[in-house]
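Report on one structure; see the data block that follows.
Throughout, read-outs are computed from the coordinates displayed, never taken from laboratory work. Everything numeric in this text was worked out from a predicted model, so none of it was measured. Don't worry about glycine lacking a Cβ; one is built from the backbone with ideal geometry, like all the others, and counts go over all protein chains shown.
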Amino acid sequence: MPRPCPSARLAGSAARRTYGHPVLGVSHATSGAALGLAVAGLAPQVVGTSPTAGTILTFAGVTAGAALLPDLDHPSSTASRRFSWASWLAAHAVRPLSALVFRLTRGPRDSGRGTHRGLTHTVAGALLLAAAVGVTSARWGTPVTAGVLFVCLALAIKGLDGLVPGPPSLVIAAGLTWVAEEKLPGGTAGTAGWLGLAVGLGMLVHSLGDAVTESGAPLFWPLPIRGRHWYPIGSPRPLRFRAGGRVEALLVAPLLTLGTLALAVYVVPGALDVLLDLRARLVTGG
């Protein structure tokens, strides 16, 4: 068997380092959480309803974790490694499926294999998974909501390891899922009908984030653009940056983190009171 050329080995090594980079997880998880907080916390107020803390935080937790799901098509990503054999099976189902769809729908100028930044990085792919989750949660209710929340929280927490490393994310996710269901005002019930939307938004915000990096993302598949059905949509080239690079580490990730925290304090009922009480306890030593 011929040995891979040095450039191919270096490219593979670089890809593994990039998709294992902690900054990527922080950016994806916080962008998903911020979008989830904005949608669940602000949108209902437009029609005159006041969402509960449980609804807002459940929705945001799902969008935060779902924002890591598109990278199931990369073997070194958080989503592909978080749940041991389950992640392995999911990744080894997604990659061949994405490659098959790519081969069946490629345009005359499309290149590559479609195994990464393929189907899971498209609007259509996000809508399909959102519809599946929405139908399933509507049919079976709380068990599906709790299961999806647990998986997404585990992914989001693991994605934040570079920011707040700590105990195993599965343990934390299980605890937070129980808290959301049993202790938060409103619980998770208010999210059941919107669970698919949370998953879809998380996947979309991931792909939009990838679109401002050097490679872009095929958001509008299967629409033909310049002879390509998998055309990588992106921001103007001077504004793009390398995934996991210094711009993301020093600017994008910190801003997303601060924005998410500020948004949580603003939209989650009682969050400001909790922070003020915590501050008072720290000051008084009580």
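Determine, from the Cβ-Cβ distance of Val135 and Ile225 and an R0 of 30 Å, the FRET efficiency 1/(1 + (r/R0)^6), rounded to the nearest 0.05.
With R0 = 30 Å, the Cβ-Cβ based efficiency is 0.45.
Need one number for the chain: average projected area of the convex hull over its C-alpha atoms, nm².
Mean projected area for the chain: 18.0 nm², to one decimal.
Can you compute the helix-only [θ] at 222 nm over the chain? Use -39500 (n - 2.57) per DSSP H run of at least 4 residues, normalise by all residues, nearest 500 deg cm²/dmol.
Value at 222 nm, helices only, nearest 500: -20500 deg cm²/dmol.
For the chain, what are the DSSP H helices with axial Cα length of 30 Å or more and mean Kyte-Doolittle hydropathy of at least 1.0?
Values: long enough: 22-46 (36 Å, 1.16); 84-105 (32 Å, 0.76).
TM-like helix candidates: 22-46.
Order these peptides, 186-192, 139-145, 32-38, 111-117, by their mean beta-carbon neighbour count within 10 angstrom, highest first.
Sorting 186-192, 139-145, 32-38, 111-117 by mean packing, highest first, produces 32-38, 186-192, 111-117, 139-145.
Which one of Gly125, Val148, Pro269 is farthest out on the positive end of the charge dipole of the chain, using unit charges on Cβ (Lys, Arg +1; Asp, Glu -1) and the Cα centre as origin?
Of the options given, the answer is Gly125.
Take Asp277 and Val46, extend 7 Å from each Cα along the Cα→Cβ direction, and tell me the distance between the two endpoints in nm.
The modelled label-to-label distance comes out at 3.3 nm.
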